[in-house]
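Working notes, beginning with the structure itself.
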Amino acid sequence: MIIDCHGHYTTEPQQLHDFRKRQTEAIGHGEHLSPGNLNITDDQIRESLEGAQLKLQRSRGTDLTIFSPRAAGMSHHIGDERTSMDWSRLCNDLIHRVCTLYPKNFIGVCQLPQSPGVSPANCAAELERCVKEYGFVGCNLNPDPSGGFWKTKSLTDRSWYPLYEKMVELDVPAMIHVSASCNPCCHTTGAHYINGDTTAFMQLIMGDLFKDFPTLKFIIPHGGGAVPYHWGRYRGLALNNGKPELKEHLLKNVFFDTCVYHLPGIELLTKVVPVDNILFASEMVGAVRGVDPMTGHDFDDTKKYLDKATWLSAEDKAKIFSGNALRVYPRLPGRLKAVGLNA
């Protein structure tokens, strides 16, 4: 089985976008807009996926996508705590419908109802709802709900602990994933995403979070941002600040995905980061779409890069394609069994 750990519902029916527009406009008038019924049919959901994610799964030879709401769409900087809760529940409900219609293709991961200045403890109930009621296996955690201005405390600050406690209780990991940037100096997918990945890793280096939460797990997407390229810098900074080697300090708890859209990048990632810490992912129909004129293949068809990675053994590839995901997402094997799939 080939498990893609990083997929977003980027082809949602138009009704979802229409509601978000109305919700945002209501905020401008000092009002809250109740989600109500969006009147999205099952056929509309099918239509939104059949020519996109499902088509690409089939053509690229992948089996299962760990699926979550559109990352840029989380936009936690819009509105207040109630706005974020309404929006997150609506998006998570839609992901649940996708997973119900296609249980052998998609497993859910939830959006958290984060809001600037609001305690992350506020997210615990929605996480629990999605895990216990919908069978979701993880969450996306935004380290910067302010949208590119980094007004939130470090991920190692104790203010995050109530959310981490719930994650440990439910035995689910989080993908550390920023959302849209409202800072014009930081392009959302080209700068803010990569900055978020890199910043989160450095925050984890400077703290001792995993002494308090030895079973807590994070996935840093997009190949870890700048981290693999500057591995020596981060090893040195860790040691300079009295921390252990990265292998002992972070790598029992922190993992990276393969959303790196060229073969040299995959080579660097897999030769620098231990294979046990790499999960296959493509973020297809996401940040980078279209065909690379140099290769003739889609930029985000990351399986092709790994297929060409002759320096990796068959055992290494098996870990990256599925074994590591089954270990990092402890609820995933049970979900697969429940829908009749063998990992």
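The values are calculated or read from the model by the stated rules, or taken from the named source; none is laboratory data. Given the structure is predicted, the values throughout are model-derived calculations rather than measurements. As a convention, Cβ positions derive from the backbone with ideal geometry for all residues, glycine included, and neighbour counts pool all protein chains shown. These accessible areas exclude ligands, DNA and RNA; they are computed on the full protein's heavy atoms, side chains included. Shrake-Rupley method; radii C 1.70, N 1.55, O 1.52, S 1.80 Å.
Kindly check whether there is at least one residue in region 102-124 that is over 24 Å from Thr11 (Cβ atoms) and either of a type in the set (D, E, K, R) or in contact (Cβ under 8 Å) with a residue 60 or more places away in the chain (or both). No, the conditions are met nowhere in region 102-124.
Just one of (1) in contact with a Ser or Thr (Cβ under 8 Å, 6 or more places away or on another chain); (2) assigned to a helix (DSSP H, G or I) fails for Trp231. It is (1).
Against the numbered list (1) touching a Gly at 6+ places or on another chain (Cβ under 6 Å); (2) among the polar types (S, T, N, Q); (3) free of Cβ contacts under 8 Å to residues at least 40 places away in the same chain, Thr65 comes up short only at (3).
Got at least one residue in region 55-76 being over 21 Å from Cys259 (Cβ atoms), open to solvent by 50 Å² or more (accessible area, probe 1.4 Å) and in contact with a helix residue (DSSP H, G or I) (Cβ under 7 Å, 6 or more places away or on another chain)?
no
Being farther than 26 Å from His17 by Cα, in contact (Cβ under 8 Å) with a residue 24 or more places away in the chain and part of a helix (DSSP H, G or I) narrows it down to one of Ser88, Ser84, Ser159, so name that one. Result: Ser159 is the single residue among Ser88, Ser84, Ser159 that is farther than 26 Å from His17 by Cα, in contact (Cβ under 8 Å) with a residue 24 or more places away in the chain and part of a helix (DSSP H, G or I). Checking Gly117 against (1) closer than 20 Å to Ser75 by Cβ; (2) crowded, with 17+ Cβ neighbours inside 10 Å: exactly one of these is not met. Which one? Failed condition: (2). Scanning region 36-47 for residues that are over 22 Å from Phe106 (Cβ atoms) and open to solvent by less than 70 Å² (accessible area, probe 1.4 Å) gives a single hit, Gly36. Scanning region 91-101 for residues that are touching a residue at least 24 places away in the same chain (Cβ under 8 Å) and either touching an Asp or Glu at 6+ places or on another chain (Cβ under 9 Å) or more than 17 Å from Gln57 (Cβ to Cβ) (or both) turns up Cys91, Asn92, Leu94, His96, Arg97, Leu101.
For region 235-261, the tally of residues that are surrounded by fewer than 20 Cβ atoms within 10 Å (Cβ to Cβ) and closer than 29 Å to Val137 by Cβ stands at 5.
Taking the listed residues Val288, Val272, the one that is open to solvent by 20 Å² or more (accessible area, probe 1.4 Å) and modelled with pLDDT under 95 is Val288, with no other qualifying.
The set of residues from region 135-166 being open to solvent by less than 50 Å² (accessible area, probe 1.4 Å) and either under 17 Å from Asn92 (Cα atoms) or among the aromatic types (Phe, Trp, Tyr) (or both) comprises Gly135, Phe136, Val137, Gly138, Cys139, Asn140, Leu141, Asn142, Trp160, Tyr161, Tyr164. Taking Gly79 and the conditions (1) modelled with pLDDT of 95 or more; (2) under 23 Å from Gly196 (Cβ atoms), which numbered condition does it fall short on, given that it satisfies the others? It is condition (1) that Gly79 fails.
In region 125-146, the residues that are part of a loop (DSSP other than H, G, I, E, B) form Cβ pairs under 7 Å with partners that are among the charged types (D, E, K, R), at six or more places apart or across chains, as follows: Gly135/Arg335; Val137/Arg331; Val137/Arg335.
Residues in region 167-198 that are open to solvent by 40 Å² or more (accessible area, probe 1.4 Å) and either hydroxyl-bearing (Ser, Thr, Tyr) or assigned to a strand (DSSP E or B) (or both): 1 in all.
When you go through Lys317, Lys303 one by one, which is the residue that is over 27 Å from Gln203 (Cα atoms), touching a helix residue (DSSP H, G or I) at 6+ places or on another chain (Cβ under 7 Å), in contact (Cβ under 8 Å) with a residue 40 or more places away in the chain and open to solvent by 20 Å² or more (accessible area, probe 1.4 Å)?
Only one candidate qualifies: Lys303.
When Tyr329 is tested against the conditions (1) open to solvent by 10 Å² or more (accessible area, probe 1.4 Å); (2) out of contact with any Ser or Thr (no Cβ under 9 Å at 6 or more places or on another chain); (3) within 20 Å of Thr65 (Cα to Cα), the lone failure is (1). Taking the criterion of being touching a strand residue (DSSP E or B) at 6+ places or on another chain (Cβ under 7 Å) and open to solvent by 40 Å² or more (accessible area, probe 1.4 Å), no residue of region 218-234 qualifies.
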